[in-house]
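One structure is given below, encoded as structure tokens.
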Amino acid sequence: MKRIVVLGAGYAGLRVVKQLTHAKVDAQIVLVNKNPYHYESTQLHEVAAGTKQPADITFDIRPLLARKRNVEVIIDEVTRVDQDARKVELKNGEPLDYDYLVNALGFESETFGIKGADENGWPLIDIETAVAARKHLESTLANYRRSHDVNDLHIVVCGAGFTSIEYLGELVHRLPRLAKEYGFPMELVKVDCIEAAPKILPMFEPSLSAWAVKYLERKGVTFHVATPITEVRPGAVVSNDTEFPANTIIWTTGVHGSHVIADSGYDQKRNRVVVEDDLRIADHPDQFLIGDVSAVPNPGNGRLYPTTGQISIAQADAAAANLASLLRGGKTKKFVFKPLGTVCSLGPGAGIASIDMMGHWKLKGSKVSIVKKMINDRTVLELANIRTMLESD
Ligand SMILES: Cc1cc2nc3c(=O)[nH]c(=O)nc-3n(C[C@H](O)[C@H](O)[C@H](O)COP(=O)(O)OP(=O)(O)OC[C@H]3O[C@@H](n4cnc5c(N)ncnc54)[C@H](O)[C@@H]3O)c2cc1C
């Protein structure tokens with residue numbers, strides 16, 4: 001019997017396992033993940049701001065998958081893929097042989113080599129980092145009563161991509177409650193968002209991004225665009241000659257793929273591999289790369305699609321169908337991606353959305369929270385709760 005090894009139990013990896021079991025493939029499926037749980041990475045900013053608890057966005061994958069006859073779950077850390085020997089090397093266990101590999105190891109924080117970013121910024125990339133960022137925020141705000149250092153009430157969010165903006169939305173929603181709880185004056189709180197690019201949320205129509213910026217400005221955020229960060233020091237973010245003092249520095253400037261990609265000798269850029277049109281890689285057709293470790297060219301403009309949960313799930317469906325076909329002696333099909341739109345939340349009560357389903361829809365305000373609640377994500381429908389997805393067998 002062939003063995004399919006799936007690396008990573010994020011959106012992409014779990015969805016592949018689910019689709020392969022649905023397809024009743026005649027193969028042994030081994031899922032490797034470093035934690036016994038799946039986390040909804042699209043909601044990490046809520047844990048970091050303290051509007052959600054880790055338990056709200058995680059679930060144990062083992063009991064769910066224990067019911068699947070041909071699925072084995074291994075909790076371990078992947079250190080390297082020996083592509084020629086077809087082996088996955090693990091931190092603690094013996095190397096795993098595979099006939100087919102689905103690499104879905106996901107994303108890590110990107111610092112662009114900026115001095116001090118790793119040491120002094122709080123990234124939001126998994127449960128551990130989101131919880132650490134929340135604890136730091138709360139203890140620093142609480143410390144103001146003792147220190148009377150205004151920098152304890154200054155927060156800098158680095159970058160103004162989706163994660164930064166969604167985090168800011170949750171943060172400004174929670175700050176008044178934290179002020180009551182820890183007894184600090186709201187009028188001394190300062191929230192700066194620093195972005196190297198000239199525009200905030202350029203992927204939205206200008207009217208929507210302008211609305212989002214105004215909404216957050218009204219709630220106390222100051223945006224600094226065209227302001228490249230040159231260094232992060234303990235207690236300050238530096239852009240050339242300007243210093244932004246703050247004792248909480250949230251580092252959300254972007255992500256790259258898992259370091260295992262470079263460590264395994266893939267032909268990569270920022271730990272992402274440009275895949276063939278059936279999601280395999282040219283020199284090793286026994287491997288599918290999907291999710292944030294992969295890069296898919298958009299045939300419309302030749303540029304790479306942004307990495308999102310939405311495309312990860314669509315890739316997982318296509319990779320599972322292609323694997324099932326290969327196992328039956330068939331051929332693979334081209335992956336075709338139809339983006340359904342984008343939703344950016346601005347805290348629990350507001351957001352902006354650009355949706356391409358049955359026409360083109362531009363939404364802003366509280367309507368978006370309803371959309372977000374319905375789909376529980378910014379990427380419309382495809383990211384239906386993954387737990388329900390696994391239980392629906
Ligand atoms: C705060 C935030 C909000 C976001 N919001 C949205 C959104 O609303 N909509 C959207 O479409 N996208 C959103 N994204 C992007 C989206 O989360 C990613 O594109 C998506 O999670 C990628 O899925 P994945 O399965 O490739 O990787 P991941 O979700 O990163 O999963 C990778 C899995 O592999 C495991 N793993 C990693 N390294 C190892 C290792 N060495 N060994 C073993 N296991 C390992 C991890 O623990 C994890 O379980 C958001 C991202 C962030 C950070």
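The values are calculated or read from the model by the stated rules, or taken from the named source; none is laboratory data. As the structure is a prediction and not an experimental result, all values here were calculated from the model. Here Cβ is always computed from backbone atoms with ideal geometry, including for glycine, and neighbour counts include all displayed protein chains. We work out accessible area using only protein heavy atoms, side chains counted, and drop any ligands, DNA or RNA first. Shrake-Rupley method; radii C 1.70, N 1.55, O 1.52, S 1.80 Å.
Expressed as cubic angstrom per residue, what is the convex hull volume of the alpha carbon set of segment 113-159?
Enclosed volume per residue, from the Cα hull, is 86 Å³.
Database remark: amide H of Tyr37 closer than 5 angstrom to the amide H of Ile61 (H placed geometrically; neighbours at sequence offset of 5 or more, or on other chains; Pro and chain starts carry no H). Pair-distance distribution P(r) for segment 1-76, from all Cα-Cα distances in 5 Å bins starting at 0: 3, 15, 26, 22, 14, 10, 6, 3, 1, 0 percent. Between Met186 and Glu276, the C-beta separation translates, for a Förster distance of 51 Å, into a calculated FRET efficiency of about 0.40. Using alpha carbons only, how many angstrom separate the centre of segment 128-159 from the centre of segment 189-239? Centre-to-centre (Cα) distance: 19 Å. Derived scalar couplings between HN and Hα for segment 98-111 equal 9, 8, 10, 10, 10, 9, 9, 7, x, 10, 9, 6, 9, 10 Hz in order, rounded to whole Hz, by the Karplus curve 6.51 cos²θ - 1.76 cosθ + 1.60 (θ = phi - 60°), x for Gly and Pro.
Accessible area of Tyr182 (1.4 Å probe, protein heavy atoms only, ligands and nucleic acids ignored): about 50 Å².
Rounded to whole Å and ordered largest first, report the semi-axes of the equivalent ellipsoid of segment 6-46 derived from its Cα gyration tensor (root of 5λ).
Working: eigenvalues 107, 26, 7 Å².
The answer is 23, 11, 6 Å, longest axis first.
Using a ≥ b ≥ c from the Cα gyration tensor of segment 158-241 (square roots of the eigenvalues), is it rounded, prolate or oblate, where a/c under 1.5 gives rounded and otherwise the larger of a/b and b/c decides, a/b for prolate? Oblate, since a/c reaches 1.5 and b/c is not below a/b. When the Gaussian network model of the chain links Cα atoms closer than 10 Å, the mean-square fluctuations of Leu64, Leu216, Leu14 top out at Leu64.
Taking amide H as placed 1.01 Å from N in the peptide plane, Val237 has its amide H under 5 Å from the amide H of Phe244, Ala246, each at least 5 places away in sequence or on another chain. Just so you know, the averaged projected area of the alpha carbon convex hull for the chain sits at 19.9 nm².
Just the number, please: Stokes-Einstein D of segment 196-268 in µm²/s, Kirkwood Rh from C-alpha pairs, 20 °C, 1.002 mPa s. All intermediate terms of the calculation are to be shown ahead of the outcome.
Working: Rh = 15.1 Å.
In µm²/s, the coefficient is 142.
Based on the Cβ-Cβ distance from His259 to Phe337, what FRET efficiency comes out when R0 is 22 Å, to the nearest 0.05?
Details: r = 26 Å, r/R0 = 1.18.
Calculated value: 0.25.
Give the angle, between 0 and 90 degrees and rounded to the nearest 10, that separates the Cα long axis of helix 206-218 from the longest principal axis of the Cα atoms of the chain. Relative to the chain, helix 206-218 is tipped by roughly 50 degrees. Rounded to the nearest 10 degrees, the angle from helix 162-182 to the longest Cα principal axis of the chain is 50 degrees. Can you work out the base-10 log of I(q)/I(0) for segment 228-364 at q = 0.11, 0.13, 0.21 1/Å, using the Debye formula on its C-alpha atoms alone? For the requested q values the scattering log ratios are -0.61, -0.78, -1.21.
Contact order normalised by length for the chain, with contacts defined as Cα pairs under 8 Å and 6 or more residues apart; what percent is it? Mind showing how you got there, number by number?
Numbers: 815 pairs, mean separation 70.9, N = 393.
Value for the chain: 18 percent.
Helix 309-327 and the longest principal axis of the Cα set of the chain meet at an angle near 10°. Near the amide H of Gly347, within less than 5 Å, lie the amide hydrogens of Gly169, Glu170, all on another chain or at least 5 residues away, with H placed in the peptide plane.
Hey, in the GNM for the chain with a 10 angstrom Cα cutoff, which one of Gly106, Gly254, Gly183 fluctuates hardest? It is Gly183.
Once the Cα-Cα distance is subtracted from the 0.36 nm per residue extended length, the Asp283 to Asn120 segment shows a gain of 54.7 nm.
Would you mind getting me the FRET efficiency between Glu205 and Met1? Use the beta-carbon distance for r and R0 = 56 Å, nearest 0.05. Don't skip to the answer; put the middle values down first.
On the way: r = 51 Å, r/R0 = 0.92.
For R0 = 56 Å, the calculated efficiency reads 0.65.
Evaluated at q = 0.16, 0.17, 0.18, 0.22 Å⁻¹, the base-10 log of the normalised Debye intensity for segment 69-184, with identical point scatterers placed on the Cα atoms, takes the values -0.89, -0.95, -1.01, -1.30. The separation of segment 333-367 from segment 61-126, counted between C-alpha centres, amounts to 30 Å.
Counting other Cβ atoms within 10 Å, keep those with at most 12, restrict to DSSP loop, and tell me which trypsin sites (Lys or Arg not before Pro) in segment 1-65 are left. Don't skip to the end; give the middle numbers.
On the way: sites: Lys2, Arg3, Arg15, Lys18, Lys24, Lys34, Lys52; in loops: Lys24, Lys34, Lys52.
Those that pass, being in a loop and sparsely packed, are Lys24.
Which residues among segment 210-232 fall inside the zone where the amide N is under 12 Å from a point 7 Å beyond the Cα of Lys362, along Cα→Cβ? So the set is 210-212.
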